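Here's the structure we're looking at; comments come further down.
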Amino acid sequence: MSIQTAGECDILTGHKAIARFLGLSPRQISWHDERGNLPTFRIGRTVAARKSTLLQWIDEQEQAARDQRTKKR
């Protein structure tokens, strides 16, 4: 768990905010979110994600890709 300072929020709300953070388009985020490919949750009808969770998820994706390449060798 990360510690935040006043005014710094770990939660991104909406496909646009998540897309900006990940460097993708809002449509790509929507597509992946609909398929359950991203670690998101809902606040009412609004999709949301924690920055820290997304960064951890990216690390896990990278490690899985490395492991897959190692198995192929």
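Please treat every number below as a calculation from the coordinates, not as lab data. For clarity, every value in this text was computed on a predicted model and none was experimentally measured. FYI the Cβ positions are ideal-geometry reconstructions off the backbone, even for glycines, and counts take in every protein chain you see.
Starting from the Cα of residue 71, draw a straight line to each of the aspartates and glutamates and keep only those under 16 Å, dropping any in the same chain fewer than 8 residues away.
62
Taking the Cβ of residue 56 as the center, what net charge do the other residues with Cβ under 13 Å away carry, scoring Lys and Arg +1 and Asp and Glu -1?
Local charge sum for residue 56: -2.
Cα convex hull of segment 12-69: mean projected area in nm², to one decimal? Before the final figure, lay out each step's value.
Working: hull surface 15.9 nm².
Average of the hull's projected areas for segment 12-69 equals 4.0 nm².
Which of the aspartates and glutamates could a cross-linker span from residue 16 if the Cα-Cα distance has to be under 20 Å and same-chain partners fewer than 8 positions apart are dropped?
Straight-line reach from residue 16, under 20 Å: 8, 33, 34.
Provide the per-residue ³J(HN,Hα) series for segment 58-69, in order, calculated from phi with Karplus coefficients 6.51, -1.76, 1.60 and θ = phi - 60°, each as a whole number of Hz, with x at glycine and proline positions.
4, 4, 5, 5, 4, 5, 4, 5, 4, 4, 4, 5
So how much slack lies between residue 70 and residue 34, counting 0.36 nm per residue of separation and subtracting their Cα-Cα distance, in nm? The partial results should precede the final answer.
Values: separation 36, 0.36 × 36 = 12.96 nm, distance 3.07 nm.
9.9 nm is the gain from fully extending residue 70 to residue 34.
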